[in-house]
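J.: Okay, handing you the structure first.
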Amino acid sequence: MCSKKQIKKLFLLFLFLESIAFADKFSVIGGFRERFEVLDGMNKKAYGNDPSLIGRPDDTLLVSRLKLGFVYKQTPDVVYTVLGYYASVYGWSLDYNDFRKQSGTESYYMDPQEDLDFAALNVKVKNLASISGLSLQLGRESNRYGDKRVLGPGSWGNSYGWLWDLAKFSYKYNGNFVDVFYGQTKDKDKKRLSLFRKHVYEGAGVYGHFKTDAKGAFEPFVIYKKGLYNGVGNGQNSEESYTYGARAYDRDLFGWNYDLSYAKADGSIKHKDYDAYGYAAKVGYTFKKVPLRPDLVGGRIYASGDDDPHDDTIKTFRTPFGGTDGSLYGRMDIMKWSNLIEDVAEVHLFPRKEMHLKFSYHRFKLADANDAWSYYKKYNKPGNHYDDLGDEYDAEYKWRYSREVELQAIYAYFDAGAFVKHNVADNDAQRFFLQLEYFYGR
């Protein structure tokens with residue numbers, strides 16, 4: 001949580017920025033998010049109720065994130081963006097060193113809850129070389145695309161997910177674009193500002209967006225990823241891979257909607273060949289003339305697993321720089337796009353234009369029982385060959401009270417399957433979220 005001195009400094013900075021915001025070239029941006037969370041039967045590092053687990057499985061949390069910054073338009077074609085954030089959590093049983101990662105002789109931190117850093121710190125030059133639609137951006141940004149499945153920061157976590165220091169060329173025309181970028185991703189160490197500090201991965205890519213109609217598009221991509229710590233005794237950071245594929249979606253095609261993604265990965269991880277793939281396919285139909293305008297959606301999400309973890313090829317797919325937010329793989333937030341089969345059914349209801357109700361059912365299985373439950377890195381015990389992770393039931397309510405204020409309430413229940421009960425812990429789990437978010441100047 002912010003101390004009184006920190007809050008006072010941030011408030012004074014806000015007043016200063018607000019005082020100049022009336023100038024045509026300045027605008028203040030920011031906001032805050034307060035979330036009350038109740039966890040039962042799991043936490044971010046472990047699943048189960050055993051007292052020997054890392055942290056406690058029944059934390060009650062108050063999670064806070066404060067953002068503050070400004071946009072400065074030096075000219076219509078030269079724009080600076082500065083956005084700092086302070087993320088904190090109260091009531092957490094996990095420790096700072098629980099998120100320390102080791103790779104060779106290097107160590108770094110990836111804390112999902114607490115951080116003091118910049119979410120944006122960049123300059124953008126539009127109409128580069130007098131070419132309309134061509135721009136160059138340099139500096140810190142989230143580098144998010146599409147549904148954030150292959151490139152996205154993951155913003156449900158308190159301290160964001162991937163944040164980049166990068167250079168990006170973008171060409172936009174008639175609602176389409178092609179982006180080319182190179183950069184490095186920052187660590188998340190709450191005790192040290194990331195500027196001029198460690199970067200964890202190097203990455204480059206091309207991402208395109210081509211409209212197919214008013215509410216649909218085709219989005220091809222190629223993404224390069226390389227771990228920057230490759231010393232003797234290297235760990236999970238040792239990777240050099242290429243992920244390529246495409247996403248196609250339409251939000252309203254004669255009442256139907258669909259969202260399809262495919263990604264193929266090649267390269268090397270930990271001195272082994274890397275050969276894996278994943279896809280996500282969801283199709284729905286909206287009954288526009290029925291009360292509450294129900295949208296019924298069904299689909300399957302798949303990520304390949306490894307049938308032989310001891311051979312010379314890693315077949316376990318993992319997203320290159322994508323988010324793992326619960327909006328993608330269930331609100332329990334205990335799954336990710338890796339060695340996974342997810343069958344999903346959703347019902348979306350709209351009581352009012354600014355309200356959204358969502359009920360969803362998720363059936364989770366391992367793509368290969370010889371491989372791990374990727375989120376917690378748990379394998380079948382000797383003699384076991386279970387692949388049933390379990391069933392999840394989610395209920396979500398979102399109310400956009402005003403342009404500046406949004407309220408959310410979420411409940412998720414996980415009914416553990418045979419793999420979890422016989423290899424990890426014999427208990428179900430649940431989560432509850434109650435969130436208030438305020439936006440300023442966006």
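Residues are listed down the side, and each one gets a yes or a no for (1) of a type in the set (S, T, N, Q); (2) part of a strand (DSSP E or B); (3) closer than 23 Å to Leu195 by Cβ; (4) at pLDDT below 95:
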| site | (1), (2), (3), (4) |
| --- | --- |
| Tyr80 | no, yes, yes, no |
| Trp92 | no, no, no, yes |
| Lys101 | no, yes, yes, yes |
| Tyr108 | no, yes, yes, yes |
| Asp117 | no, yes, yes, yes |
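J.: To continue, here is another question. So, of the residues in segment 51-69 that are hydrophobic (A, V, I, L, M, F, W, C) and under 24 Å from the mean Cα position of the chain (by Cα), which turns out to be surrounded by the most Cβ atoms within 10 Å (Cβ to Cβ)? Can you show your working first?
T.: Let us first name the residues in segment 51-69 that are hydrophobic (A, V, I, L, M, F, W, C), namely 53-54, 61-63, 66, 68.
Still in the running and under 24 Å from the mean Cα position of the chain (by Cα): 54, 61-63, 66, 68.
Numbers: Ile54: 13, Leu61: 19, Leu62: 14, Val63: 23, Leu66: 21, Leu68: 20.
So the residue we want is Val63.
J.: Conditions: (1) under 24 Å from Gly139 (Cα atoms); (2) not in a loop (DSSP other than H, G, I, E, B). Lys191 meets all but one. Number of the miss?
T.: Lys191 satisfies all of (1) under 24 Å from Gly139 (Cα atoms); (2) not in a loop (DSSP other than H, G, I, E, B) except (2).
J.: Something else: Can you tell me which residues in segment 401-423 are surrounded by 15 or more Cβ atoms within 10 Å (Cβ to Cβ) and over 30 Å from Asn49 (Cβ atoms)?
T.: Hit for segment 401-423 is Glu406, nothing else.
J.: Does segment 431-442 include one or more residues that are at pLDDT below 95, assigned to a strand (DSSP E or B), within 20 Å of the chain's Cα centre (by Cα) and of a type outside the set (D, E, K, R)?
T.: Looking through segment 431-442, at least one residue is at pLDDT below 95, assigned to a strand (DSSP E or B), within 20 Å of the chain's Cα centre (by Cα) and of a type outside the set (D, E, K, R).
J.: Still on this structure, please answer the following. Among the residues of segment 177-186, is there at least one that is buried (at least 19 other Cβ atoms within 10 Å of the Cβ) and part of a loop (DSSP other than H, G, I, E, B)?
T.: The answer is no; no qualifying residue exists.
J.: Could you check segment 342-358 and list, in sequence order, the residues that are assigned to a strand (DSSP E or B), out of contact with any His (no Cβ under 9 Å at 6 or more places or on another chain) and surrounded by fewer than 18 Cβ atoms within 10 Å (Cβ to Cβ)? Give the steps one after another, and end with the answer.
T.: Our first condition is that a residue be assigned to a strand (DSSP E or B); within segment 342-358, this holds for 342-349, 355-358.
Then drop every residue that is not out of contact with any His (no Cβ under 9 Å at 6 or more places or on another chain), which leaves 346-347, 355.
The answer is Val347, Met355.
J.: Report yes if Asn380 is on the phi > 0 side of the Ramachandran plot and of a type outside the set (D, E, K, R), otherwise no.
T.: no
J.: Could I ask something else about it? Give me the pairs, please: first residue somewhere in segment 199-227 and over 29 Å from Glu106 (Cα atoms), second residue anywhere and outside any strand (DSSP E or B), beta-carbon distance under 6 Å, and either six or more positions apart or on two chains.
T.: As it stands, the answer is Tyr207/Tyr145; Lys211/Gly175; Glu219/Gly146, since those pairs meet every condition given.
J.: If you scan segment 352-388, which residues turn out to be hydrophobic (A, V, I, L, M, F, W, C) and closer than 19 Å to Ser327 by Cβ?
T.: Once the filter is applied, which keeps residues that are hydrophobic (A, V, I, L, M, F, W, C) and closer than 19 Å to Ser327 by Cβ, segment 352-388 yields Met355, Leu357, Phe359, Phe364.
J.: Next question. I want to confirm something. Restricting to segment 270-322 and keeping residues that are of a type in the set (Phe, Trp, Tyr) and in contact with a strand residue (DSSP E or B) (Cβ under 7 Å, 6 or more places away or on another chain), which single residue is nearest to Val344 (Cα to Cα)?
T.: The residue in question is Tyr302.
J.: With (1) in a strand (DSSP E or B); (2) touching a Phe, Trp or Tyr at 6+ places or on another chain (Cβ under 8 Å) as the list, and Lys172 as the residue in question, which single condition is left unmet?
T.: That leaves (2) as the condition not met.
J.: Just to check your reading of the model, which residue among Asp165, Asp117, Asp147 is more than 24 Å from Tyr224 (Cβ to Cβ) and not basic (Lys, Arg)?
T.: One residue alone meets the criteria, Asp117.
J.: I would also like to ask the following. Have a look at Tyr375, Tyr401, Tyr411, Tyr361 and point out the one that is within 21 Å of the chain's Cα centre (by Cα) and part of a loop (DSSP other than H, G, I, E, B).
T.: On inspection, the qualifying residue turns out to be Tyr375.
J.: Quick one: count up the residues across segment 121-145 that are at pLDDT 95 or above, small (Gly, Ala, Ser) and either surrounded by 18 or more Cβ atoms within 10 Å (Cβ to Cβ) or in a strand (DSSP E or B) (or both).
T.: Summing the residues that are at pLDDT 95 or above, small (Gly, Ala, Ser) and either surrounded by 18 or more Cβ atoms within 10 Å (Cβ to Cβ) or in a strand (DSSP E or B) (or both) in segment 121-145 gives 2.
J.: Same structure again: Does segment 346-388 hold any residues that are under 12 Å from Val424 (Cα atoms), free of Cβ contacts under 8 Å to residues at least 60 places away in the same chain and basic (Lys, Arg), and which are they?
T.: Lys377, Lys381
J.: Moving to a separate point now. Take the conditions surrounded by fewer than 17 Cβ atoms within 10 Å (Cβ to Cβ) and either of a type in the set (S, T, N, Q) or at pLDDT below 95 (or both) and apply them to Lys377. Does it pass? Spell out how you get there, then give the answer.
T.: Working: surrounded by fewer than 17 Cβ atoms within 10 Å (Cβ to Cβ): yes; either of a type in the set (S, T, N, Q) or at pLDDT below 95 (or both): yes.
Answer is yes for this residue.
The values are calculated or read from the model by the stated rules, or taken from the named source; none is laboratory data. Note that the structure is predicted; figures quoted are calculated from it, not measured. Quick reminder, even Gly has a Cβ in these numbers, built from the backbone with ideal geometry, and neighbours come from all protein chains shown.
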